[in-house]
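Attaching a single structure in structure tokens format; questions to follow.
The values are calculated or read from the model by the stated rules, or taken from the named source; none is laboratory data. All values reported here derive from a predicted model rather than from experimental measurement. All Cβ positions, glycine included, derive from the backbone under ideal geometry; neighbour counts span all protein chains shown. Heads up: the accessible areas ignore ligands, DNA and RNA and are worked out on the full protein's heavy atoms, side chains in. Shrake-Rupley method; radii C 1.70, N 1.55, O 1.52, S 1.80 Å.
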Amino acid sequence: MAIDRFGRNIHYLRISLTDHCNLRCRYCMPEDMTFRPNAELMQDEELFLLVKLFAGLGFDKIRLTGGEPTVRANIVPIVRTIAQTPGIRSLTMTTNGVLLGKLAAPLKEAGLQRVNISLDTLNPDRFKKLTRWGSFDQVWQGIEAAESAGLRPIKINAVVVRGYNDTDVADLARLTLERDWQVRFIEMMPFGGATDLQKSNVVTTAEIITRIENAVGALEQSKDVEMDGEARIYKIPGARGEIGFISSVTLPFCAACTRARLTADGKLRLCLLREKEVDVLTPLRAGLSLEQLREMILDGIWHKPWGHGLAKGEIATNRVMSEIGG
Ligand code: SAM
Ligand code: SF4
């Protein structure tokens with residue numbers, strides 16, 4: 001079991017399969033983003049070995065992310081191998097949905113259980129403006145394909161950015177009236193190369209709730225589950241689905257954190273919003289024994305930072321979100 005010095009049992013690993021992406025969301029990366037050469041990324045066999053190692057340390061929950069995980073070569077066989085790794089009970093993915101039209105069914109068949117799909121607005125023009133390269137229709141088809149394939153329950157992630165989609169939150173929330181989806185609103189966070197946008201256009205959860213309640217009436221706190229991972233869960237009374245709020249800036253959930261991240265280039269990142277990392281890929285390539293790697297990972301987890309310092313203006317600047325794996 002991997003325990004940190006605050007007694008948290010860390011058993012959830014988010015793996016960035018690649019820093020590459022087929023979109024260029026304004027809150028995530030610049031349009032002329034430079035990506036790492038493939039040789040610097042974990043190769044399939046290295047990835048499988050590390051997954052086995054983490055599973056042996058009690059990690060039972062894996063989320064594949066990026067960058068865009070679906071643009072990684074061999075994504076279906078990768079999912080199959082991870083799903084079949086002894087000890088892995090939960091295997092999910094966060095994706096922009098662009099390629100789900102063709103990949104949802106094979107991914108489900110390979111053992112993927114669920115997907116979180118990013119969709120920041122239902123307005124096609126504003127969707128294009130926010131993602132720069134995205135097509136709303138294509139992503140919507142991807143969501144439908146995911147639902148038909150049984151990658152359920154569908155969770156939708158919307159990062160709210162003032163001036164881009166802050167007026168669209170009520171329409172997104174209304175999706176839950178007819179659909180048993182979880183629509184989650186995310187406070188924008190600042191990262192490496194933090195753009196002015198990330199710092200100045202944040203919309204707080206409190207404001208998002210006010211905007212939604214002004215349109216649909218008072219939300220009720222979900223009776224079934226108060227927290228779902230990092231999301232605080234509410235409902236529109238009578239709705240089939242739920243609304244979640246991920247308030248990393250104004251209401252962090254660090255005390256309940258059970259996660260660690262593996263970056264696309266094989267660094268164990270202990271907190272999304274702290275720079276501390278342990279390089280596991282270089283020692284693996286240098287021939288370190290599995291036992292020594294295990295010790296390195298356990299030591300890294302032990303020193304996982306308590307939480308982030310956004311409230312004090314501390315920003316982790318060594319990487320952008322797509323490299324770490326959101
Ligand atoms: N490409 C996939 C996607 O967009 O869903 C997975 C990777 S993306 C980095 C993971 C999540 O991080 C997405 O839901 C995205 O909206 C969110 N995200 C990206 N930049 C963010 C930021 N600056 N603040 C908060 N969330 C962000
Ligand atoms: Fe790509 Fe996801 Fe970042 Fe958008 S949020 S640019 S889809 S990695």
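What are the residues in the stretch 186-221 that are exposed (fewer than 14 other Cβ atoms within 10 Å of the Cβ), modelled with pLDDT of 95 or more and of a type in the set (Asp, Glu), if any?
Glu220
Can Phe48 be described as at negative phi and free of Cβ contacts under 8 Å to residues at least 60 places away in the same chain?
yes
Which one of these is in contact (Cβ under 8 Å) with a residue 24 or more places away in the chain, among the hydroxyl-bearing types (Ser, Thr, Tyr) and open to solvent by 50 Å² or more (accessible area, probe 1.4 Å): Thr263, Thr250?
Thr250
Taking Ala110 and the conditions (1) more than 20 Å from Arg261 (Cα to Cα); (2) open to solvent by less than 20 Å² (accessible area, probe 1.4 Å); (3) within 15 Å of ligand 1 (Cβ to nearest atom), which numbered condition does it fall short on, given that it satisfies the others?
Looking at each condition in turn, Ala110 falls short on (3).
Taking the stretch 295-307 as the search range and keeping residues that are open to solvent by 40 Å² or more (accessible area, probe 1.4 Å) and over 15 Å from Gly266 (Cα atoms), which one is nearest to ligand 1 (Cβ to nearest atom)?
Trp306
For residues that are small (Gly, Ala, Ser) and away from ligand 2 (no atom under 16 Å from the Cβ), scanning just the stretch 89-108, find the one that is nearest to Asp120 (Cα to Cα).
Ala104
Would the stretch 41-58 turn up any residue that is modelled with pLDDT of 95 or more, within 10 Å of ligand 2 (Cβ to nearest atom) and open to solvent by 30 Å² or more (accessible area, probe 1.4 Å)?
no
Which fully enclosed strands (runs of 3 or more DSSP E) of the stretch 191-288 have 1 or more residues being among the acidic types (Asp, Glu)?
242-246, 277-279
Conditions first: (1) open to solvent by less than 40 Å² (accessible area, probe 1.4 Å); (2) within 13 Å of ligand 1 (Cβ to nearest atom). Val71 passes all but one, so which condition is the exception?
Looking at each condition in turn, Val71 falls short on (1).
Output the number of residues of the stretch 82-107 satisfying the condition of being touching an Asp or Glu at 6+ places or on another chain (Cβ under 8 Å), open to solvent by 10 Å² or more (accessible area, probe 1.4 Å) and β-branched (Val, Ile, Thr).
2
Something else about it: Given the structure, is Leu262 modelled with pLDDT of 90 or more, of a type in the set (A, V, I, L, M, F, W, C) and either under 30 Å from Pro37 (Cβ atoms) or away from ligand 1 (no atom under 15 Å from the Cβ) (or both)?
Yes, satisfied.
I would also like to ask the following. Anything in the stretch 310-326 that is modelled with pLDDT of 75 or more and either within 16 Å of ligand 2 (Cβ to nearest atom) or open to solvent by 20 Å² or more (accessible area, probe 1.4 Å) (or both)? List them, or say none.
Answer for the stretch 310-326, where residues must be modelled with pLDDT of 75 or more and either within 16 Å of ligand 2 (Cβ to nearest atom) or open to solvent by 20 Å² or more (accessible area, probe 1.4 Å) (or both): Leu310, Glu314, Ile315, Met321, Ser322, Glu323.
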